[in-house]
1. Restricting attention to segment 118-140, report how many residues are touching a Ser or Thr at 6+ places or on another chain (Cβ under 8 Å) and open to solvent by 30 Å² or more (accessible area, probe 1.4 Å).
2. Enumerate the pairs (first residue in segment 264-286 and surrounded by fewer than 17 Cβ atoms within 10 Å (Cβ to Cβ) and of a type in the set (A, V, I, L, M); second residue anywhere and in a helix (DSSP H, G or I) and modelled with pLDDT of 95 or more) with beta-carbon separation below 6 Å, excluding pairs fewer than 6 apart on the same chain, so at least 6 apart or on different chains.
3. What's the number of the only condition in (1) within 18 Å of the chain's Cα centre (by Cα); (2) surrounded by fewer than 24 Cβ atoms within 10 Å (Cβ to Cβ); (3) of a type in the set (Gly, Ala, Ser) that GLY232 fails to meet?
4. Could you tell me how many of the residues in segment 116-154 are out of contact with any strand residue (DSSP E or B) (no Cβ under 6 Å at 6 or more places or on another chain) and touching a residue at least 60 places away in the same chain (Cβ under 8 Å)?
5. Here are ASP73, ASP19, ASP56: which of them is touching a residue at least 12 places away in the same chain (Cβ under 8 Å) and of a type outside the set (S, T, N, Q)?
6. If LYS249 meets every condition in (1) surrounded by 20 or more Cβ atoms within 10 Å (Cβ to Cβ); (2) without any contact (Cβ under 8 Å) to a residue 60 or more places away in the chain apart from one, which number is that one?
7. Kindly list the number of the only condition in (1) assigned to a loop (DSSP other than H, G, I, E, B); (2) over 19 Å from GLU153 (Cβ atoms); (3) open to solvent by less than 20 Å² (accessible area, probe 1.4 Å); (4) not hydroxyl-bearing (Ser, Thr, Tyr) that fails for GLY83.
8. Please work out which one of (1) in contact (Cβ under 8 Å) with a residue 40 or more places away in the chain; (2) out of contact with any Gly (no Cβ under 7 Å at 6 or more places or on another chain); (3) surrounded by fewer than 22 Cβ atoms within 10 Å (Cβ to Cβ) is the condition THR181 fails and give its number.
Amino acid sequence: MKIGIDSYCYHRFFGEVYDDQEAPKKNMTMEDFLRRAKELDVDGVSLESCFFPSFDEAYLADLKGQLDEYGFDRVFAWGHPDGLERGGNPQAFEDMKKLIPCTRMIGADTMRVTGSSLMFRHEDHGPQVKALIKQFKEAVKIAEDNGVRMAVENHIDFTADEIYQILEGVDSPNFGVNFDTGNFLRLLDDPIAGMEKLAPYVFATHIKDLKIEPSANPTDWFFFAGVPVGMGLIDNQKLAEILHKNGYKGFLAVEIDHPHSDWAGFEDEAVGISVKNLRKIGDSLK
């Protein structure tokens, strides 16, 4: 099983600092991130489009060259923070469609997308699912023409049953799932049961581990906060076994969004431990 890192682990260093976080002393460039991923000897990277300095063809060609030099598998990740806003943001829809070809331009074949976010999770999900099926059915035609697979993430918005409903509605071999192992827990939806249902459709992953943040309110999205893989509540070993059983060919991409207070300011250390522990999981599946 291949191991990777999503660039969102370092969002603070890319300039996105949460209200309860301190800004770092030094920011990170895309090149810095790739260099660090290479130092950690991972197999792949998931690159968040929100941190791209440019989508010019020349820049994307240079980025592809760096990724090729390091030998990385790669995912082009679109949709932070609120994706298509449950189908209610026409500009976001146009932006997503426009960027589909960028996936191939950096040498990737998978584009992670988000239909919604935690901002809309308390609204009626029925109309959201219906609207997103319509938009993704249109967008996946562009993806098919470009040889791209779209992978919708459970973005603290929809349960596994609702994600499956979207998959059925779009009904394309080029439309699958970016399975986030922590975000289902944040909806109190069982990640194991979700993986059993969705594993045949998983194109990419975000591998989180979470534990309760004592300083947070139960209604805070980070009530379940990020810790290194193997130190929290998520049975990522079992989730990886289910993926392996279903012939998953992608990589397990570490993602830490809101670090637990025990790890505040220590994202890089948490990533390093996560990579080490995920490698153990991967080795156990050989």
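1. Narrowing segment 118-140 to residues touching a Ser or Thr at 6+ places or on another chain (Cβ under 8 Å): 128, 132, 137, 140.
Narrowing the set further to residues that are open to solvent by 30 Å² or more (accessible area, probe 1.4 Å) leaves 137.
Number satisfying all stated conditions: 1.
2. Between residues of segment 264-286 that are surrounded by fewer than 17 Cβ atoms within 10 Å (Cβ to Cβ) and of a type in the set (A, V, I, L, M) and residues that are in a helix (DSSP H, G or I) and modelled with pLDDT of 95 or more, the close pairs are LEU285/HIS244.
3. (1)
4. Start the filter on segment 116-154 by keeping residues that are out of contact with any strand residue (DSSP E or B) (no Cβ under 6 Å at 6 or more places or on another chain), which leaves 116-139, 141-142, 144-147.
Subsequent filtering for residues that are touching a residue at least 60 places away in the same chain (Cβ under 8 Å) retains 118, 121.
Result for segment 116-154: 2.
5. Answer to the selection: ASP73.
6. Condition not satisfied by LYS249: (1).
7. Of the numbered conditions (1) assigned to a loop (DSSP other than H, G, I, E, B); (2) over 19 Å from GLU153 (Cβ atoms); (3) open to solvent by less than 20 Å² (accessible area, probe 1.4 Å); (4) not hydroxyl-bearing (Ser, Thr, Tyr), the odd one out for GLY83 is (2).
8. With (1) in contact (Cβ under 8 Å) with a residue 40 or more places away in the chain; (2) out of contact with any Gly (no Cβ under 7 Å at 6 or more places or on another chain); (3) surrounded by fewer than 22 Cβ atoms within 10 Å (Cβ to Cβ) applied to THR181, the lone miss is (3).
The values are calculated or read from the model by the stated rules, or taken from the named source; none is laboratory data. What you are looking at is a predicted structure, and each value in this text was computed from that prediction instead of being measured. Reconstructed Cβ throughout: ideal geometry from the backbone, glycine too, with neighbour counts over all protein chains shown. All accessible areas refer to the heavy atoms of the entire protein, side chains included, with ligands and DNA or RNA removed. Shrake-Rupley method; radii C 1.70, N 1.55, O 1.52, S 1.80 Å.
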